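Everything on this sheet refers to the single structure shown next.
The values are calculated or read from the model by the stated rules, or taken from the named source; none is laboratory data. Note that the structure is a prediction, hence the values are computed from the model and not measured. We place every Cβ from the backbone using ideal geometry, glycine too, and count neighbours over all the protein chains shown.
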C-alpha cells in the first residue's frame, strides 16, 4: 500500500471528492459510521458533530457537506486511516468505478471491469455475496473472491429464471440455470441483427460458467485447497463474471 500518496494533499484531492460522493450515495448507516470512527480514532468527532449523524438520519441536504468536513478532519489528523473508508464494502465498488486508476496507484488489485452494483430487486443472497466479493477483492486479492462471485451469479441466474417463470429444479447447478435462462428468456432468444455472432459470445459465457465450478471447488479458498488459482488468472475470472453480470443486468433489467 502506497500510504505516501494519502499524505499528498494535491494528489488526494480527486480521491477525496470521489470518496465523499461514494459515502453519500452508498448508504452508510449510523452504526457503520460509529464503527469506522472507532477504527480510525475519530469517534469523538463523529459522535460530537452537531449535524453529521443527524443529517444522515433525517436525509437533510447538508449531509454531503458534513461528510466533506469529516474527510478534511480525517486527512489532516491521520491521512493513512482513510483506507478504512476506501476499503469499506459499500464504498469500494463505487470508487472502483469512479477512480480505478487512483486505487491502482495506491496498490489495490483493481480489475478493469467495474464492480457490479446490485439492482434494487436483487435478492439478499446476491447482494450479500457481491458485497463480500468486493470486500475480499480489496482486502485479500482476486483468488479469495471466486467463491462469493460463484454464489452471487448462481443466485442471480436462479432469481432471473424465477422472475420469468422458467422452470428450474431446486438443486439446479449454475450451469443448468444459465442454459435455461439463455434458452427460455425472450430477451436472450433473439439478439438483434448480429444474433449469430453475439450468440457465439454468449455460448462462450456458458464455458466460463462451466469452469467456475471446478475453480471454486479446487482452486479457491472455498475449500482447504493447497494449490490456489494464480492472481492473474483469478483477475481474469473476476473480469469474466463481472462482464456477464453487467450484460445480464442491462439486458434483463433486473
Residue list for the range 4-13, restricted to those being assigned to a helix (DSSP H, G or I) and surrounded by fewer than 13 Cβ atoms within 10 Å (Cβ to Cβ): 4, 9, 10, 13
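Can you pull out the residues in the range 54-71 that are assigned to a helix (DSSP H, G or I), surrounded by fewer than 18 Cβ atoms within 10 Å (Cβ to Cβ) and either on the phi > 0 side of the Ramachandran plot or touching a residue at least 12 places away in the same chain (Cβ under 8 Å) (or both)?
Of the range 54-71, the ones assigned to a helix (DSSP H, G or I) are 54-58, 63-71.
Filter once more, keeping what is surrounded by fewer than 18 Cβ atoms within 10 Å (Cβ to Cβ): 54, 57-58, 64-65, 68-69.
If the condition is that a residue be assigned to a helix (DSSP H, G or I), surrounded by fewer than 18 Cβ atoms within 10 Å (Cβ to Cβ) and either on the phi > 0 side of the Ramachandran plot or touching a residue at least 12 places away in the same chain (Cβ under 8 Å) (or both), then 57, 64, 68, 69 are the ones that fit.
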Evaluation of residue 191 against (1) within 22 Å of residue 254 (Cα to Cα); (2) surrounded by 14 or more Cβ atoms within 10 Å (Cβ to Cβ); (3) modelled with pLDDT of 90 or more (one fails), failing number: (3)
Residues of the range 25-55 classified as within 23 Å of the chain's Cα centre (by Cα) and more than 26 Å from residue 140 (Cα to Cα), total: 1
Residue selected from the range 116-146 under the condition outside any helix (DSSP H, G or I) and at pLDDT 80 or above, by the criterion farthest from residue 210 (Cα to Cα): 123
Checking residue 28 against (1) assigned to a loop (DSSP other than H, G, I, E, B); (2) over 19 Å from residue 95 (Cα atoms); (3) touching a residue at least 24 places away in the same chain (Cβ under 8 Å), the condition it does not meet: (2)
Sole exception among (1) surrounded by fewer than 20 Cβ atoms within 10 Å (Cβ to Cβ); (2) under 13 Å from the mean Cα position of the chain (by Cα); (3) assigned by TED's automatic domain parsing to the domain that holds residue 208 for residue 117, by number: (3)
Qualifying residue in the range 147-161 (condition: over 19 Å from residue 232 (Cβ atoms), in a helix (DSSP H, G or I), more than 21 Å from the chain's Cα centre (by Cα) and free of Cβ contacts under 8 Å to residues at least 40 places away in the same chain): yes
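Residues 171, 132: which one is more than 14 Å from the chain's Cα centre (by Cα) and assigned by TED's automatic domain parsing to the domain that holds residue 219? Don't jump to the end; show me each part of the working.
Numbers: 132 fails: more than 14 Å from the chain's Cα centre (by Cα).
After applying the criteria, what remains is 171.
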Residue in the range 77-97 that is over 25 Å from the mean Cα position of the chain (by Cα) and surrounded by fewer than 16 Cβ atoms within 10 Å (Cβ to Cβ) present: yes
